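For reference, the structure is listed below as structure tokens.
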Amino acid sequence: MTHKPLLLAPMEGLLDWVLRDLLTRVGGVDRCVSEFIRITDQLLPERVFLRTLPELQNGSCTPAGVPVRAQLLGSNPACMAENAARLAQLGAEGIDLNFGCPAKTVNRHGGGAALLREPERIGAVVAAVRRAVPAALPVSAKMRLGWSDSAQALDCALAMQDGGAGEIVVHARTKEDGYRPPAYWERIPALRAALRVPLVANGEIWTLEDALRCRALAGCDALMLGRGAVADPGLALAIRAHDAGQCGAAVLPWSALVPQLQAFWQLVSGCMSAHQRAGRIKQWLNLLRRRYPEAEVAFAELRLLREAPAITAWVQQLAPAVQSPAPGR
């Protein structure tokens, strides 16, 4: 049976090294990508890379052994190349280039999705990075379908390929679409037909059914999971079970997730200031409400708590409640 890769998406302010650790403990994911490291006009110090990608100190892998690729965001080819070379020296698994971020602050300075209006600049950035790192080190890129429409999507994808990217993730929405559904998976086959390098489909994959429909419409076996994997940490396992012909069973019940929530709180308590911690666990529980009825109850209780000691006590007594439905329900 052909292996169908599942990647964990980079999501600034959400899918950081803590969640990468926990979600890869659950299993099913082949590779992660870090949140973007923003490059402007200088070589960043090592501590900046390690802050976003502490996995560099573990062979560029999560504690569960899943590789994590470093993502860079910027528009200056020389600076991007210099920082990519430094990451290679630090032992990065590979370099991923962000041409999809829709944030206004990023786009205003010519980064992320703003470059989708300049295929030539995209090609220059990719080529500079490819030249700057060892030939054996993978270079990949992530794009959206365009800025306001998909008229230049193929030009951008070709620029990435011709610049030396060996894999392209396509978030099947434009910058102006943001994160509003739907994702236009049916627009990916036109890119796939014109490219030699593998494509990975991304966007609006929340359930097993979404994953299967995305594969069918996009023509891609490889998928990148983002908020769907945060809302349902067993999503990658559910996809794996389907691919292995093992369908119908609940992959990750609430009882199995409770220890991960407790470990999450322990990790954020050790690396974040007190005023940041409460927001992080509430953020995750808020997304988990999409999948688990128990998370709805937990979120209602937790939202009233502000102080770290009270949250610690609440997390410690957290226990399984009712039986969860199977993934995708």
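The values are calculated or read from the model by the stated rules, or taken from the named source; none is laboratory data. Remember, predicted model here, so these are calculated numbers, not experimental data. Here the Cβ is made from the backbone with ideal geometry for all residues, glycine too, and neighbour counts use every protein chain on show.
Within segment 286-305, the set of residues being among the aromatic types (F, W, Y) and farther than 13 Å from L261 by Cβ is empty.
Going by the structure shown, is T52 among the hydroxyl-bearing types (S, T, Y), under 25 Å from L287 (Cα atoms) and in contact with a helix residue (DSSP H, G or I) (Cβ under 9 Å, 6 or more places away or on another chain)? Considered against the rule, which asks whether it is among the hydroxyl-bearing types (S, T, Y), under 25 Å from L287 (Cα atoms) and in contact with a helix residue (DSSP H, G or I) (Cβ under 9 Å, 6 or more places away or on another chain), T52 comes out as yes.
What number of residues in segment 1-21 are surrounded by 22 or more Cβ atoms within 10 Å (Cβ to Cβ), of a type outside the set (D, E, K, R) and at pLDDT 95 or above? Matching residues across segment 1-21 total 5.
Limited to segment 1-20, what total is found for residues that are closer than 22 Å to P138 by Cβ and outside any loop (DSSP other than H, G, I, E, B)? Summing the residues that are closer than 22 Å to P138 by Cβ and outside any loop (DSSP other than H, G, I, E, B) in segment 1-20 gives 7. Across segment 115-148, the number of residues qualifying as without any contact (Cβ under 8 Å) to a residue 40 or more places away in the chain and among the hydrophobic types (A, V, I, L, M, F, W, C) comes to 4. The set of residues in segment 206-235 that are in a helix (DSSP H, G or I), under 14 Å from L22 (Cα atoms) and out of contact with any helix residue (DSSP H, G or I) (no Cβ under 6 Å at 6 or more places or on another chain) is empty. Inspect segment 90-99 for any residue being in contact (Cβ under 8 Å) with a residue 24 or more places away in the chain, surrounded by fewer than 17 Cβ atoms within 10 Å (Cβ to Cβ) and among the acidic types (D, E) and give the result as yes or no. No: segment 90-99 contains no residue that is in contact (Cβ under 8 Å) with a residue 24 or more places away in the chain, surrounded by fewer than 17 Cβ atoms within 10 Å (Cβ to Cβ) and among the acidic types (D, E).
Applying a threshold of 7 Å to beta carbon distances and a minimum spacing of six or more residues, or different chains, the list of pairs starting in segment 151-165 at a residue that is assigned by TED's automatic domain parsing to the domain that holds G100 and ending at one that is outside any helix (DSSP H, G or I) and among the hydroxyl-bearing types (S, T, Y) reads A165/S140.
When A236 is tested against the conditions (1) at pLDDT 95 or above; (2) on the phi > 0 side of the Ramachandran plot, the lone failure is (2).
With respect to (1) closer than 25 Å to E82 by Cβ; (2) under 16 Å from the mean Cα position of the chain (by Cα), the lone exception for A128 is condition (2).
Is it the case that segment 48-69 has a residue that's under 15 Å from K142 (Cβ atoms), of a type outside the set (S, T, N, Q) and modelled with pLDDT of 95 or more? Yes, segment 48-69 has at least one match.
Residues satisfying the criterion are present in segment 50-65 (criterion: surrounded by fewer than 17 Cβ atoms within 10 Å (Cβ to Cβ) and of a type in the set (K, R)).
The residues listed here are A229, A241, A201, A211; of these, the one that is under 21 Å from D96 (Cα atoms) and without any contact (Cβ under 8 Å) to a residue 60 or more places away in the chain is A201.
Screening R173 on (1) among the charged types (D, E, K, R); (2) surrounded by 23 or more Cβ atoms within 10 Å (Cβ to Cβ); (3) not in a loop (DSSP other than H, G, I, E, B) shows it passes everything except condition (3). For segment 130-146, the count of residues that are of a type in the set (K, R), closer than 17 Å to H171 by Cβ, in the same structural domain as W185 (by TED's automatic domain parsing) and in contact with a strand residue (DSSP E or B) (Cβ under 9 Å, 6 or more places away or on another chain) is nonzero. Of all the listed residues (P182, P198, P189), the sole one being more than 17 Å from K142 (Cα to Cα), assigned by TED's automatic domain parsing to the domain that holds W147 and surrounded by fewer than 16 Cβ atoms within 10 Å (Cβ to Cβ) is P182.
Determine whether segment 272-284 contains at least one residue that is touching a Pro at 6+ places or on another chain (Cβ under 8 Å), crowded, with 21+ Cβ neighbours inside 10 Å and not aliphatic (A, V, I, L, M). No, segment 272-284 contains no residue that is touching a Pro at 6+ places or on another chain (Cβ under 8 Å), crowded, with 21+ Cβ neighbours inside 10 Å and not aliphatic (A, V, I, L, M). I'd like to know if segment 201-223 contains one or more residues that are modelled with pLDDT of 95 or more and of a type in the set (S, T, Y). Yes, the conditions are met somewhere in segment 201-223. Across segment 18-39, the number of residues qualifying as out of contact with any strand residue (DSSP E or B) (no Cβ under 6 Å at 6 or more places or on another chain) and free of Cβ contacts under 8 Å to residues at least 40 places away in the same chain comes to 1.
Yes/no matrix, rows are residues, columns are (1) closer than 19 Å to C101 by Cβ; (2) more than 14 Å from the chain's Cα centre (by Cα); (3) in the same structural domain as R69 (by TED's automatic domain parsing):
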{"residue": "R20", "(1), (2), (3)": "yes, no, yes"}
{"residue": "R31", "(1), (2), (3)": "no, no, yes"}
{"residue": "E35", "(1), (2), (3)": "yes, no, yes"}
{"residue": "L44", "(1), (2), (3)": "yes, yes, yes"}
{"residue": "R47", "(1), (2), (3)": "no, yes, yes"}
